[in-house]
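S.K.: Below is the structure I would like to discuss, written out as structure tokens.
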Amino acid sequence: MSSLTITITDAATGPVLGITGDLDYETAPRLRQAVADIALTGGQLLVLDLAGLKFCDSSGITALLAARNLATEKEVAIAIAAVPDNTLRILRIVGLDRVFTLHPDAATAIASSSPAG
């Protein structure tokens with residue numbers, strides 16, 4: 001069984017989801033549900049922090065896109081932080097590095113969206 005942990009913290013700019021473990025066919029619905037359960041407000045930034053991500057398959061990529069679609073629907077910006085090299089390679093191959101705003105870590109993503117950033 002795949003292991004996935006999603007932690008949600010609040011930053012001044014909006015929610016930060018820390019995603020740890022495997023984001024795959026078995027666990028992708030949990031990410032979709034976690035994003036759907038967050039009370040997103042227009043003007044916020046939703047950060048998906050992938051620093052602890054070990055594996056991501058096509059279902060995981062689809063879940064990231066679903067999170068982006070929901071954020072866009074609610075007029076919330078979305079950024080992905082600390083993308084592991086193997087996942088970053090996939091994002092680049094399929095052109096999603098031009099769809100998502102990517103940051104080296106969650107702190108940089110938050111700082112870039114803050115009024116002083």
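S.K.: So what's the angle, to the nearest 10 degrees on a 0 to 90 scale, between helix 28-37 and the longest Cα principal axis of the chain?
M.R.: 20 degrees
S.K.: To continue, here is another question. Amide H of LEU46 versus every other amide H placed in the peptide plane: which residues, excluding those fewer than 5 positions away on the same chain, fall under 5 Å?
M.R.: ALA77, ILE78, ALA79
S.K.: Okay, next question. Over what distance in Å are the Cα centres of region 16-58 and region 61-78 separated?
M.R.: First find each Cα centre; the distance between them is then 10 Å.
S.K.: Kindly write out, for region 50-58 in residue order, the coupling ³J(HN,Hα) from the Karplus curve 6.51 cos²θ - 1.76 cosθ + 1.60 (θ = phi - 60°), rounded to whole Hz, with x marking Gly and Pro.
M.R.: Those phi angles translate into 9, 4, x, 6, 9, 8, 9, 9, 4 Hz.
S.K.: On to the next question. Under a Cβ-Cβ cut-off of 14 Å, what is the net charge of the residues other than ALA11 that fall near it, where Lys and Arg count +1 and Asp and Glu count -1? Intermediate values should be presented prior to the final figure.
M.R.: Details: positive: none; negative: ASP10, ASP49, ASP105.
Once all neighbours under 14 Å are counted, the net charge is -3.
S.K.: Among LEU31, LEU48, LEU88, rank each residue by its count of other Cβ atoms within 10 Å, from fewest to most, as a rough exposure measure. Can you show the working numbers first?
M.R.: Working: LEU31 22, LEU48 29, LEU88 17.
By the 10 Å Cβ count, ascending: LEU88, LEU31, LEU48.
S.K.: Then there's this: Let a ≥ b ≥ c be the square roots of the eigenvalues of the Cα gyration tensor of the chain; is it rounded (a/c under 1.5), or, if not, prolate (a/b larger than b/c) or oblate? Mind dumping the intermediate values first?
M.R.: Numbers: a/c = 1.55, a/b = 1.33, b/c = 1.17.
Prolate, since a/c reaches 1.5 and a/b exceeds b/c.
S.K.: Let me ask something else. First check a/c for region 7-56, with a ≥ b ≥ c the square roots of the eigenvalues of its C-alpha gyration tensor; if it is under 1.5, answer rounded, and if not, answer prolate when a/b is larger than b/c or oblate otherwise. Walk me through the numbers on the way to the answer.
M.R.: Numbers: a/c = 2.95, a/b = 1.65, b/c = 1.78.
Here region 7-56 falls in the oblate category.
S.K.: 5 Å is the cut-off here: which amide hydrogens, built 1.01 Å from N in the peptide plane, fall below it relative to LEU4, excluding neighbours closer than 5 in sequence?
M.R.: Residues meeting the amide H criterion: ASP22.
S.K.: Compute the relative contact order of region 1-109 as a whole-number percentage, counting only Cα pairs closer than 8 Å that sit 6 or more residues apart in sequence.
M.R.: Values: 203 pairs, mean separation 27.8, N = 109.
This gives 26 percent for region 1-109.
S.K.: What's the local net charge at ASN69, with K and R +1, D and E -1, over the other residues with C-beta under 14 Å away? Working shown, then result.
M.R.: Working: positive: ARG32, ARG68, LYS74; negative: GLU73, GLU75.
With Lys, Arg at +1 and Asp, Glu at -1, the neighbours total +1.
We did not get these values from a lab; they are worked out from the coordinates using the rules stated. Here the structure is a predicted model, which is why all the values come from computation and not from measurement. Methodologically, a virtual Cβ is constructed for each residue, glycine included, from the backbone with ideal geometry; neighbour enumeration extends over all protein chains shown.
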